[in-house]
1. For residue 1 and residue 38, what is the calculated FRET efficiency with R₀ set at 22 Å and r taken between the beta-carbons, to the nearest 0.05?
2. Fewest to most neighbouring Cβ within 10 Å: what's the order for 79, 25?
3. Looking at the chain as a GNM with Cα springs under 10 Å, which of 73, 64, 33 has the largest mean-square fluctuation?
4. With each run of n ≥ 4 DSSP H residues scored as -39500 (n - 2.57), what mean residue ellipticity at 222 nm is computed for the chain after dividing by its residue count and rounding to the nearest 500 deg cm²/dmol?
5. Using alpha-carbon positions, what is the distance between the centroids of region 1-23 and region 25-59, in Å?
6. Pick from 23, 39, 62 the residue whose mean-square fluctuation is largest in a GNM of the chain, springs joining Cα atoms under 10 Å.
7. For Rg/Rh (Cα atoms, Kirkwood Rh), which listed value, (1) 0.96; (2) 1.05; (3) 1.47, comes from the coordinates shown?
8. Could you put 35, 29 in order, starting from the residue whose Cβ has the fewest other Cβ atoms within 10 Å?
């Protein structure tokens, strides 16, 4: 796996078990569910897949937009706050 990552100029990012909040991709799953799956009534998987693809195309097109970046930062901060954990894996002072 390490050779393949090096060959493709990819960086492996290992996160601890039960630390989904530390995985940067997790910040994208909440909005993905909210915008494509929440309160939806897709008649079949094809329509649902189209909705997912539409959302992903929009995200890719607007990935560098400051509003999108700010929303992603807020989502990551919200997740860290809920877990009572700051970056580095240390609990916040006073968090249980």
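1. On the way: r = 35 Å, r/R0 = 1.57.
Computed FRET efficiency for residue 1 and residue 38: 0.05.
2. On the way: 79 17, 25 9.
Placing the least packed residue first, the sequence is 25, 79.
3. For the chain, modelled as a Gaussian network with Cα springs under 10 Å, the answer is 64.
4. For the chain, the value works out to -17000 deg cm²/dmol.
5. Between the Cα centres of region 1-23 and region 25-59 lies a distance of 25 Å.
6. Judging by the Gaussian network model, the answer is 39.
7. Correct label is (2).
8. The most exposed by this proxy come first: 29, 35.
Where a number appears in this text, it was derived from the coordinates with a stated rule and is not lab data. Please read all numbers here as calculations on a predicted model, not as lab measurements. Please note: Cβ atoms are built from the backbone with ideal geometry, for glycine as well, and neighbour counts cover all protein chains shown.
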